[in-house]
């Protein structure tokens with residue numbers, strides 16, 4: 001296979017000369033540990049004195065990613081992990097950076113209709129990333145303004161949310177691996193894709 005081959009659907013497959021590189025994990029803000037006796041792998045954002053343990057045994061640090069995972073972009077993480085559409089993400093980041101802001105002020109800064117901005121603001125408040133308060137006008141009355149939640153609270157909430165997303169992704173990978181094992185031991189004329197999706201759909205329908 002060449003460095004860049006096309007799949008049957010036209011998708012480009014990455015090869016050794018692609019921009020993806022092996023990642024050295026020894027100087028990262030996070031750490032990954034694996035158990036030497038089982039398949040358990042854990043991620044931590046804190047420096048754990050003495051390392052992590054699994055069933056009473058010290059886990060070994062993982063020092064590199066042999067898959068050459070592409071370093072993510074913060075926008076893409078929020079889009080993928082939290083399901084935020086681009087418009088919602090633009091509005092959220094604008095409020096976090098420049099808030100508190102009213103829907104009208106956001107419309108002046110961003111290329112979105114005020115009605116669209118109000119819709120996403122309500123969703124972001126419900127989601128837990130933004131807060132709404134009322135600001136009294138000098139001329140009388142009040143206007144709704146939006147601002148970000150406490151940064152420490154946001155950090156914790158978004159990390160927990162991301163770990164939930166990552167856990168769901170890890171579960172999918174585990175299901176795929178188990179299905180691959182079943183496929184290798186089965187006498188079937190169907191390809192792995194058909195077997196996997198049939199089993200996967202069946203498991204999900206019982207959840």
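The values are calculated or read from the model by the stated rules, or taken from the named source; none is laboratory data. Bear in mind the structure is a predicted one, so any value in this text is a computation, not a measurement. Using ideal geometry, Cβ is built from the backbone for each residue, glycine included, and neighbour counts are taken over all protein chains shown.
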* Of all residues in segment 102-142 being under 27 Å from the mean Cα position of the chain (by Cα) and in a strand (DSSP E or B), which is nearest to residue 157 (Cα to Cα)? -> 130
* Look through segment 130-142, keep the residues that are surrounded by fewer than 14 Cβ atoms within 10 Å (Cβ to Cβ) and touching a residue at least 24 places away in the same chain (Cβ under 8 Å), and return whichever of them is farthest from residue 90 (Cα to Cα). => 135
* residue 80 being under 27 Å from residue 167 (Cα atoms), surrounded by 13 or more Cβ atoms within 10 Å (Cβ to Cβ) and modelled with pLDDT of 80 or more -> yes
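Which residues, counting only those in segment 27-50, are more than 24 Å from residue 173 (Cβ to Cβ) and loosely packed, with under 13 Cβ neighbours inside 10 Å? Walk me through how you get there before you give the answer.
Taking segment 27-50 as the starting set, the residues that turn out to be more than 24 Å from residue 173 (Cβ to Cβ) are 27, 46-50.
27, 46, 47, 49, 50 - these are the residues of segment 27-50 that are more than 24 Å from residue 173 (Cβ to Cβ) and loosely packed, with under 13 Cβ neighbours inside 10 Å.
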* Asked: Within segment 147-163, can one find any residue that is more than 30 Å from residue 39 (Cα to Cα), touching a helix residue (DSSP H, G or I) at 6+ places or on another chain (Cβ under 7 Å) and at pLDDT 85 or above?
  -> yes
* **Flag for residue 116 being farther than 18 Å from residue 74 by Cβ and surrounded by 11 or more Cβ atoms within 10 Å (Cβ to Cβ)** => yes
* Asked: Can residue 77 be described as within 26 Å of the chain's Cα centre (by Cα), closer than 30 Å to residue 25 by Cα and touching a residue at least 40 places away in the same chain (Cβ under 8 Å)?
  -> yes
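If only one of 56, 88 is at positive phi and either exposed (fewer than 13 other Cβ atoms within 10 Å of the Cβ) or within 21 Å of the chain's Cα centre (by Cα) (or both), which one is it?
Details: 88 fails: at positive phi.
Sole residue among the options that is at positive phi and either exposed (fewer than 13 other Cβ atoms within 10 Å of the Cβ) or within 21 Å of the chain's Cα centre (by Cα) (or both): 56.
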* Positions within segment 51-98 being more than 17 Å from residue 36 (Cα to Cα) and assigned to a loop (DSSP other than H, G, I, E, B), in sequence order -> 66, 67, 68, 69, 70, 71, 72, 73, 83, 84, 85
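Being farther than 25 Å from residue 169 by Cβ and modelled with pLDDT under 80 is the requirement here; does residue 56 meet it? Break it down stepwise before answering.
Numbers: farther than 25 Å from residue 169 by Cβ: yes; modelled with pLDDT under 80: no.
Considered against the rule, which asks whether it is farther than 25 Å from residue 169 by Cβ and modelled with pLDDT under 80, residue 56 comes out as no.
Filter segment 20-45 down to residues that are touching a residue at least 24 places away in the same chain (Cβ under 8 Å) and either part of a loop (DSSP other than H, G, I, E, B) or touching a helix residue (DSSP H, G or I) at 6+ places or on another chain (Cβ under 7 Å) (or both) and give me whichever is farthest from residue 63 (Cα to Cα). Explain how you work it out, then say what you get.
Of all residues in segment 20-45, those touching a residue at least 24 places away in the same chain (Cβ under 8 Å) come to 20-26, 31-36, 43, 45.
Of the ones still in play, those that are also either part of a loop (DSSP other than H, G, I, E, B) or touching a helix residue (DSSP H, G or I) at 6+ places or on another chain (Cβ under 7 Å) (or both) are 20-22, 25-26, 35-36, 45.
On the way: 20: 17, 21: 14, 22: 11, 25: 5, 26: 5, 35: 14, 36: 14, 45: 15 Å.
If we take residues in segment 20-45 being touching a residue at least 24 places away in the same chain (Cβ under 8 Å) and either part of a loop (DSSP other than H, G, I, E, B) or touching a helix residue (DSSP H, G or I) at 6+ places or on another chain (Cβ under 7 Å) (or both), then 20 is farthest from residue 63 (Cα to Cα).
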